1. What list do you get for B:S12, A:S13 if you sort them by fewest beta carbons within 10 Å?
2. Return the average number of partner chain Cβ atoms within 10 angstrom of each residue Cβ along peptide B:101-111.
3. What's the magnitude of the charge dipole for the range B:8-122 around its Cα centre, counting Lys and Arg as +1 and Asp and Glu as -1 at the beta-carbon? Answer in Debye, nearest 20.
4. When Cβ neighbours within 10 Å are restricted to other protein chains, what is their mean count per residue of peptide B:92-98?
5. Taking neighbour Cβ counts within 10 Å as the exposure measure, how do A:R20, A:R106, A:R72 sort from fewest upward?
6. Under the Karplus relation 6.51 cos²θ - 1.76 cosθ + 1.60, θ = phi - 60°, what is the ordered set of whole-Hz ³J(HN,Hα) values for the range A:82-96, x standing for Gly and Pro?
7. Using Stokes-Einstein with the Kirkwood hydrodynamic radius over Cα pairs, what translational diffusion coefficient do you get for the range A:3-105 at 37 °C and a viscosity of 0.692 mPa s, in µm²/s rounded to a whole number?
8. Could you name the lysines whose alpha carbon sits less than 30 Å from that of B:K42, not counting residues in the same chain fewer than 8 places away?
Amino acid sequence: MPIDTTIGALADSTRRELLRRLADKPCRAGELAEGFTISRPAICKHTRMLGRAGLIRAKKVGRERIYELAPRGQLAVQELIRTLEEVGAFWDGTLNAFKRFVEENR
Amino acid sequence: MTIRKAIRVERSPEVVFRVFTEEIGKWWPLKEGFSFGGDKAKDIFIEGRVGGRFFERFTDGTEFEVGRITAFQPPHVVAFTWKDPNWEAPTQVEVKFAPDGAGTRVEVEHRGWEAGPTMQKQGQGYSDGWGIILVRFTTRAEAA
């Protein structure tokens, strides 16, 4: 996948929000478009770009299209979540050490 | 994408802010592995002014700059950048101190994860590196 296609796919807050929603669970097209102020066709354009970048994919179930993260998008999101958890645990440890020190010594 | 943590400390904001910043070397758990220097961990400093350094000094005298101070308003807020050597882009940390009864509520927000948590994967090439992709995107977007 050319790097520029991926950069382009992520260079937009709507597309990043679509990725975040799909990171939670696969969504029907209608569900995925909910809550955006822009039109349905505009959302479709965004999902096509994410698809071309290899980050999401769509499957047909009956007459509906269900969108989900592609394996590559999944790996990326998992990696990000793992880092956020590690850093969160780091701050828990740091803040607890801080509280102990202040309350014992001041 | 922001990490938020908070804790209540049973002292006034003035005391809590001063200990957090001026006396960071006395309480930061460097020896418990919270250091970029590993076994060389010795001391850590926050310089109390905007543009000042947030850095560690190791046992061999060398220093490692974690980031730069971006806000310093005692006893309310201190903010700094934070860059792991493996990341291409810095993240942002903001620590707020608010009166909470007779004590202080300390809130940490750690932002900027769009720009580079997974730089460790750099060696694996572009194809699966979300972080690299987003860093490049951010750099480009900011340059535009």
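1. On the way: B:S12 16, A:S13 8.
Fewest-to-most ranking of B:S12, A:S13: A:S13, B:S12.
2. Numbers: counts 0, 0, 3, 2, 0, 4, 1, 6, 1, 5, 0.
Mean inter-chain Cβ contacts per residue within 10 Å come to 2.
3. On the way: 16 positive and 19 negative charges, 18 e Å.
Computed about the Cα centre, the dipole is about 80 debye.
4. Details: counts 0, 2, 0, 3, 0, 0, 0.
Other-chain Cβ atoms within 10 Å of each residue's Cβ, averaged: 1.
5. On the way: A:R20 11, A:R106 14, A:R72 18.
The order, fewest Cβ neighbours first, is A:R20, A:R106, A:R72.
6. 4, 4, 4, 5, 4, 5, x, 5, 4, 5, 4, x, 5, 5, 5
7. Numbers: Rh = 15.7 Å.
This corresponds to a translational diffusion coefficient of 209 µm²/s.
8. Of all the lysines, those that pass the test against B:K42 - Cα under 30 Å, at least 8 places apart if same chain - are A:K99, B:K5, B:K26, B:K31, B:K83, B:K96, B:K121.
We did not get these values from a lab; they are worked out from the coordinates using the rules stated. Please read these numbers as outputs of a predicted model, since none were measured by experiment. Cβ coordinates were reconstructed from backbone atoms using ideal geometry, including for glycine residues, and neighbour counts include every protein chain displayed.
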